[in-house]
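Okay, structure first, notes after.
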Amino acid sequence: MTKRHCKQSLIAALMLAGLLAGCGGGTDTEGQAVEGEAAFGRHCAGCHGMQGQGRPPAFPPLAGSEWLALPPEGLTAIVLLGLRGEIEVAGQDYAGYMPPMQHIDDERVAEIVRYIKRRWSQATPDWTAGDVAALRARLADRRTPEGRAGVERILQELQ
């Protein structure tokens, strides 16, 4: 390889790295990656959208959803157990199915719940992987809840 070719390759690689850095995911005001956004993008955005807009009529929005008033335990239960049946979100009916996401590790589930709460309800829960692990153990024998009443029943039983 000639020196000229190596120099051109280095310049091309640096330009590509610069372009890729500019195409990254969401950032906060200081340019740092937003915690939880990558996990949300990987596991949730396919149905709920990166902007939380949902995909009616099957997948409800997170943005503007009254479901975000649920405590972290409720949202975590939905992530881990899934959700079935008819639900109402922001005045619109949805009849979809969210599969259980038991395969997501505790740290990623905690990140997703914190991200959702922070992004679309402006809450900042102190919800950790340890909290998720403890809840996962308590939910081990549970089935996918049906509708909001099913989620609320689980929350009552957890108290």
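So in the range 119-135, with the set limited to residues that are at pLDDT 95 or above and out of contact with any helix residue (DSSP H, G or I) (no Cβ under 6 Å at 6 or more places or on another chain), which one is most open to solvent (accessible area, probe 1.4 Å)? Here the answer is 119. Taking residues in the range 57-78 that are over 17 Å from residue 118 (Cβ atoms), and partners anywhere that are small (Gly, Ala, Ser) and surrounded by fewer than 19 Cβ atoms within 10 Å (Cβ to Cβ), the pairs with Cβ atoms closer than 6 Å and at least 6 places apart or on different chains are 58/96; 59/96.
One residue alone among 158, 139 is over 17 Å from the mean Cα position of the chain (by Cα), more than 18 Å from residue 48 (Cα to Cα) and modelled with pLDDT under 95, and that residue is 158.
Within the range 109-118, is there a residue that is without any contact (Cβ under 8 Å) to a residue 24 or more places away in the chain and open to solvent by 70 Å² or more (accessible area, probe 1.4 Å)? Within the range 109-118, not a single residue is without any contact (Cβ under 8 Å) to a residue 24 or more places away in the chain and open to solvent by 70 Å² or more (accessible area, probe 1.4 Å). Residues that are modelled with pLDDT under 95, open to solvent by less than 60 Å² (accessible area, probe 1.4 Å) and on the phi < 0 side of the Ramachandran plot number at least 2 in the following helices (runs of 4 or more DSSP H) confined to the range 1-106: 3-22.
The values are calculated or read from the model by the stated rules, or taken from the named source; none is laboratory data. Not measured: the values here are computed from a predicted model. Here the Cβ is made from the backbone with ideal geometry for all residues, glycine too, and neighbour counts use every protein chain on show. Surface accessibility is based on the protein's heavy atoms, side chains included, excluding ligands, DNA and RNA. Shrake-Rupley method; radii C 1.70, N 1.55, O 1.52, S 1.80 Å.
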